[in-house]
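I have placed the structure first, in the form of structure tokens, so that the comments after it can refer back to it.
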Amino acid sequence: MAAHQEKKPPEERKRRSAANDNGTSQAQWGRAWEVDWFSLASIIFLLMFAPLIVYYFIMCCDQYQCSLMDPLIDLFMGKKHLSDIWDKTPTLTYRAACIYTLWVTFQVILYVFIPDFCHKFLPGYVGGVQEGAVTPAGVVNKYEINGLQAWIITHVLWFANAYYFHFFSPTIIFDNWIPLLWCANILGYAVSTFAMIKSYFFPTNAKDCKFTGNFFYDYMMGIEFNPRIGKWFDFKLFFNGRPGIVAWTLINLSYAAKQQELYGQVTNSMILVNVLQGIYVLDFFWNEARYLKTIDICHDHFGWYLGWGDCVWLPYLYTLQGLYLVYHPVQLGTANAIGILMLGLIGYYIFRMTNHQKDLFRRTNGNCKIWGKKPEYIECSYMSVDGTKYYSKLLTSGFWGWARHFNYTGDLMGSLAYCLACGFEHILPYFYIVYMTILLTHRCIRDEHRCFSKYGKDWKRYTAAVPYRLIPGIF
């Protein structure tokens, strides 16, 4: 979906935009006000089992060479007891606690205290102080966009250590992977609990809080929209982008270093995973300013879903391909490697160009060309709570004419490429494509539910013009 407000005089447009966002978002955007039984059951299931799922995947690699079935078979046949598996699991160590504390502290320093300078010499990059979307309370938060800078500084120091200083081994992350898991869980639960307490006693903006009255739902999905400490430390942007995503490429590099240590070489499959996922991470930071207008920042509140998820779920399950390749090195044939690389690059091209078309359409109010032609769109209108009528345009040209969320299709192609690089001996590395398919399909449904609430019959006209969500002709 691509939308753009109709051009109006600057002062009037600003006033109406703020009034619209403030008026409609409470009714149509953000998380639920009331909780049905299915949502509550899903929340309780995730709170109980998501941490166990992460532990199970990592334990399978550590004790069962990445087999997902062997632990279950051992338990069912009586060869092992849960206590046997748990006793073999590395515990929290002082070394891991120090590593993790230094890591998070370093990322906080880079985020809060070092203003962005990359935008001053990188053409096309948008960094520095940027405004986010209007919150339900009518607040426009400002953010210091410096994620690319933090990523560059971190990786320059990493390579300087690996090739010159030698303060620590490049395999340090892999060597402490499970003890670091306990540290990540401690931080994830601590920040989620703190965010909930903060929302009750000292919220950043009380009007941006949503209370359902259900403890489990509020803890999971969050109460505060934009919890902050001071002027610049924004919980949502920091934990969404740092430290997990900055660490993603470092984790993969540590896996590659471990492969080199164990086998004397780094396989082409490991190189593929590092390159393709590295492109994804760099794209995230290059477009961090645009990320301020995505569903994560514009609609999600900050709770366990984001706090724990960004600390634990993201770094531990998004990097399963590299972890798997440490235990099962795969040397792909030339044709297979090229095919997987092309799948990943084409997926990235679709993902990036689809988003670019939407951004171009919005910035020019439709006065542009997409695929060499003037764009087609659906004129839509919607009413704010105060009864004021507003207008938007929904793009139906280019990739947005193929499917309503074709950017997600490109994302899924890239995700599949990561998995295919690992071969077909085990199903564990394919968890990522299964998870991303569920996640992005669910996002499609969430987004379209909001859009239908907002646009009504005009949304039906749009879906008639663009009938497919992800795959043209199929879904």
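The values are calculated or read from the model by the stated rules, or taken from the named source; none is laboratory data. None of the values given here were measured: they were computed from a predicted structure. Here the Cβ positions follow ideal geometry from the backbone for every residue, glycine too, while neighbour counts run over all protein chains shown. Accessible surface is based on the protein model in full, side chains and every heavy atom, while ligands, DNA and RNA are left aside. Shrake-Rupley method; radii C 1.70, N 1.55, O 1.52, S 1.80 Å.
Some points to look at:
- The stretch 247-263, residues that are among the polar types (S, T, N, Q) and under 23 Å from the mean Cα position of the chain (by Cα): THR249, ASN252, SER254
- Of everything in the stretch 149-174 that is without any contact (Cβ under 8 Å) to a residue 12 or more places away in the chain and outside any loop (DSSP other than H, G, I, E, B), the residue that is surrounded by the most Cβ atoms within 10 Å (Cβ to Cβ) is ASN161.
- Output for the stretch 259-314, where each listed residue is β-branched (Val, Ile, Thr) and part of a loop (DSSP other than H, G, I, E, B): VAL266, THR267, THR294
- Listed by first and then second residue, the pairs linking a residue in the stretch 184-207 that is part of a loop (DSSP other than H, G, I, E, B) to a residue that is among the charged types (D, E, K, R) and open to solvent by 10 Å² or more (accessible area, probe 1.4 Å), with Cβ atoms under 8 Å apart and 6 or more places separating them unless they lie on different chains, are THR204/ARG228.
- Annotation: of all residues in the stretch 13-60 being of a type in the set (S, T, N, Q) and modelled with pLDDT of 65 or more, the one that is farthest from TRP313 (Cα to Cα) is SER39.
- Flag if PHE431 is within 27 Å of the chain's Cα centre (by Cα), in contact (Cβ under 8 Å) with a residue 60 or more places away in the chain, open to solvent by 40 Å² or more (accessible area, probe 1.4 Å) and over 21 Å from THR463 (Cα atoms): yes
- Within the stretch 315-349, considering residues that are of a type in the set (Gly, Ala, Ser) and part of a helix (DSSP H, G or I), the one most open to solvent (accessible area, probe 1.4 Å): ALA335
- A single member of SER269, SER254 is buried (at least 23 other Cβ atoms within 10 Å of the Cβ), touching a Phe, Trp or Tyr at 6+ places or on another chain (Cβ under 9 Å) and either of a type in the set (Gly, Ala, Ser) or not assigned by the TED database to the domain that holds PHE106 (or both), and it is SER254.
Condition check ((1) out of contact with any Leu (no Cβ under 6 Å at 6 or more places or on another chain); (2) within 14 Å of ILE251 (Cα to Cα); (3) at pLDDT below 95) across all residues:
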| residue | (1), (2), (3) |
| --- | --- |
| PHE167 | yes, no, no |
| THR171 | yes, yes, no |
| PRO179 | no, no, no |
| TRP182 | no, no, no |
| ASN185 | yes, no, no |
| ALA190 | yes, no, no |
| MET196 | yes, no, no |
| THR204 | yes, no, yes |
| LYS207 | yes, no, yes |
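- Here is the figure for the stretch 245-271: residues that are polar (S, T, N, Q) and under 13 Å from TRP158 (Cα atoms) total 3.
- Residue within the stretch 122-141 that is part of a helix (DSSP H, G or I), buried (at least 20 other Cβ atoms within 10 Å of the Cβ) and under 25 Å from the mean Cα position of the chain (by Cα) present: no
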